[in-house]
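Step one of this worksheet: look at the structure below.
FYI, it's all coordinate maths here, none of it is from the lab. The shown structure was predicted, so the numbers you read here are calculated from the model rather than taken from an experiment. With ideal geometry, Cβ positions are generated from the backbone for all residues, glycine too; neighbour counts draw on all protein chains shown.
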Amino acid sequence: MRTLDPAHAAARAAGSDLSPPDTASPDTADLTSSTSMRTTTPEPDVIEHPTTPSSKAANPVDTGLKTATLNPTTPKTTTRERNSPASTPMPTASPAPVPEPSHSFEPASGMPTRPASRPASLNHSAPSPAAYPYAPESGGVAARLYHAEHGGQPPFMDLAAQRPEASSYPDVEAIPLPYPPRARTGFRAHTPEGIGDLLALTYGVTRIDWGSVGIRAGRPLPSGGAAYPGELYLAAEFGLCHYLPSAHALERLRTADLRRQIVDALEAHPPERPALILLLTSRHGANLPAFGGFGHKLQTLDTGVMAGQAISLIDAAGAEVGVHTRFDEAKLNRMLGLDPRIESVRAVITAGLGRDEPVPVPAFSTDPGANQAGIPRRIMARHTAADGFEAVSVPLQRILEILDEAASEIPSDIRAGHGAEYATIDLYCVANRVDGLAPACYRRSTATSALVKVRETADPKSLFPAGGDAELAHFQAACALMLVGDYEHGYRVHGDRWYRMLNLQAGILAQRIGLAATGLGLGSMLRCDYQSKVADRLIHAAPGRTVLVTMLIGLERGVGKPGHRLLLGGYGS
């Protein structure tokens, strides 16, 4: 068998259809295009990582926006300027053209396409997507090598590194959506106007935050390093579209209804023809400049968080919903006109008919019990507890409620097919300040929902590198919730793709935990910089099982930063 080195293994684990090693171009020219829409990245919630002294000053999360503007993003001059309440065009010099890549890529006939782009200039030893050439399925060998080399902790972080811009299609028809969107459930999938609220709450720009370091635009969900590598496409009766968060608009790529063709590409078909299909993609090079190879794992978690957000909203609207991870990736990429070396489909969400009209609920409150205020209100209030936690105790009942909500069934095709017995993610709790629970490590029983002690003592500081902000945050937090999954047995059924399938599920559960904590008046912080070997020893992990991600829970310090919501309230479910 040909030996695989870790660099070549990463793409297999991430499932990237990248170029073979003999033809891949190592070019790291800045990502520019004379026809693509350039936008600045919003400064939203961030999946927390430790910050080294050399990079902290340049951390965009610490310094805020470079310009004090209320615009969530600032599109630069394109062939067709777009005016919207969420974006203001600014003149800029025309970017230099990028040489065409050495590979040919043929999109579906008639599809508008963006010129193939290269990753932005990389820093330190950050690999480019070209360093992770696509290779045939290896039955899990490549995924194991990738996880051993990159899956534990980021080798470095440069959060100020230049990043590729978000996808946009400036030369196609733009469909403005009603603005401002409303914080509500309910959608009408047969018209663009009927899904604007759903799209905004799933992946839009929803608030402006004021801080001591400046003004930042925020999104309704966290992302590793605030990179937001995901893109959101949709198929409905009115065509195939790309959602542009900066302008809260749809870019119509095709007018034809392609829902049947997309369903045909899924391994597990929904019971009825979906009214709406969401296609979640990932731009492979979006966070590699900041995190190196570890960025691929963050992309799988980001996809899961976005999927969890959409599932929560669609389910709250009373519609049948399913998330699909097994599909003909090449076929879907061609439908969207994607170059799989740059961007590819990572998950598909099918939705049935939802309620046409929202259901009014009581006004939102952050008091305990506010989970009755509805999913949209929780989404609007949820944010990363960036200032840490108060060192106070939290009642056990609240932690149990959070775990119960996270443990509810995921409407996934994984559970409907082979390997479902290995798809279950176990929930662990390292208690620090929980009333009614002695400091120790516990596992949630799937049979009784009770917390069962697995280790008598647990030092909360041992989970994270000494001296970092994560160690302090965990010491202050009431507890750390750990999501534990099984890589090894899943590889035997799904091969390398299982790596991203399992982490996608972890992202869905992490999103549920964050929303549940918000509904109970608590703060949360998603951390990926735990010491994986220490964490696995702490939970007495069985062979093949490992900690996928951690969530810190506690009473947020202070009252949070002042901000302005860009969505109208008054509805939920």
Amide H contacts under 5 Å for residue 189, placed H, 5+ residues apart
354
Say each of residue 256 and residue 330 gets a label point 7 Å from the Cα, pointing the same way as Cα to Cβ; how far apart are those two points in nm?
2.0 nm
Once amide H atoms are placed 1.01 Å from N in the peptide plane, what residues at a sequence separation of 5 or more from residue 464, or on another chain, have their amide H within under 5 Å of its amide H?
531
Protection proxy ranking, peptides 272-282, 345-355, average beta carbon neighbours within 10 Å, highest first:
345-355, 272-282
Arrange the following residues from fewest to most other Cβ atoms within 10 Å of their Cβ: 398, 455, 500, 326.
455, 326, 398, 500
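Among 518-527, 283-292, how do they line up from the highest to the lowest mean number of other beta-carbon atoms within 10 Å? Write out the running numbers ahead of the final one.
Details: 518-527: 23.9, 283-292: 28.3.
With the highest mean Cβ count within 10 Å placed first, the list reads 283-292, 518-527.
How do 263, 430 line up, fewest other C-beta atoms within 10 Å first?
Ordered from fewest to most neighbouring Cβ atoms within 10 Å, 263, 430 come out as 263, 430.
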Using only the Cα atoms of region 388-554, what do you get for the radius of gyration and for Dmax, in Å?
15.3, 45
Taking placed amide H atoms and a strict 5 Å upper bound, the residues 5 or more places from residue 435 or on another chain that come that close are 394, 396
